[in-house]
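The values are calculated or read from the model by the stated rules, or taken from the named source; none is laboratory data. What you see is a predicted model, and the numbers here were worked out from it, not measured in a lab. Backbone-built Cβ (ideal geometry, glycine too); neighbour counts: all protein chains shown.
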Amino acid sequence: MRKGFTLIELLVVIAIIAILAAILFPVFAQAREKARQSSCVSNMKNIGTAMLMYQQDYDEQFCPPMVGLGGSDRWDDTMTWDRLIQPYMKNLAILTCPSDQYSPTVTSRWGTVKRSYTMPGYLGWCWFCGYDECVNTLRGNPIFGCQYSVPLAKAQYPALTVMVFERDNCNTQGGEWNWCSVGDGTNEFAYRHNSMSNVCFADGHVKAVKGDPANRRYHILPGHRCWEHGTATYGARFSGNWHDILPYHTGIDVTCPGGTEGTWP
């Protein structure tokens, strides 16, 4: 009668366990990340709902990315979008994506928060003034940084108009907190969820999009224009010297860099 396993049998069992672990551990990691992505989607839906409530209270105007002097203002005072909608969400925790490993945690008179999301500049902010409706109304800053109002009616394609997107490592205590409330283009998306990034659109729906920033390939957004000075590795733009760059059609700009020349994503 056998009293135990032979050495060969033990080695075979250990080898089988090691093979199964090598197969299953990445699957478990992806499953955990999928759960975190779902939590992030919930955060963004709540943020989107708060922004829709803001619009109804402010004569159907989009919540702007920032109201204040930007880098010239005390960062603790500037009313960035997350502070403007705080009365509607009453929760700082939903500003943090559970997969965000890089954005710093800051403490202000508003509370302690890690902000994982940002807004596109085309919903109310110009870096440079004097372009059409982008007129400087800020105190003591005649050139750099202008806010303007964007009525809901101006967004002809709300299902294509980005309202909030994920962004990494751009919210330090100081001027960057203000500037980082504004995003310039798809090259700033944070792909935290198995190469996917969540985006909240102006109609309130949230969608996961794919990208590969390591190879400078960015998600293609229908209706968006290109960076005019860009190359084949540039993405769609949200701001810059132009204010009137909301999505203006439902197709793909064939001249747009950042992946539209191929089949990505």
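Identify, from the list Gln37, Gln61, Gln55, the residue that is more than 17 Å from Gly124 (Cα to Cα), surrounded by 13 or more Cβ atoms within 10 Å (Cβ to Cβ) and at pLDDT 80 or above. Explain how you work it out, then say what you get.
Values: Gln61 fails: more than 17 Å from Gly124 (Cα to Cα); Gln55 fails: more than 17 Å from Gly124 (Cα to Cα).
Within the list Gln37, Gln61, Gln55, the selection yields Gln37.
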Close pairs (6 angstrom Cβ cut-off, 6 or more residues apart or separate chains): more than 10 Å from Arg115 (Cβ to Cβ) in region 81-105, among the acidic types (Asp, Glu) anywhere: Tyr102/Asp168
The lone exception for Thr137 - which of (1) among the polar types (S, T, N, Q); (2) at pLDDT below 85; (3) surrounded by 13 or more Cβ atoms within 10 Å (Cβ to Cβ) it fails: (3)
Looking only at region 99-116, and only at residues there that are outside any loop (DSSP other than H, G, I, E, B) and polar (S, T, N, Q), the one that is modelled with the highest pLDDT: Thr112
Criterion: under 30 Å from Asp59 (Cα atoms) and modelled with pLDDT of 70 or more - qualifying residue of Asp184, Asp244, Asp168: Asp184
Ser149 vs. criteria buried (at least 20 other Cβ atoms within 10 Å of the Cβ) and at pLDDT 65 or above: no
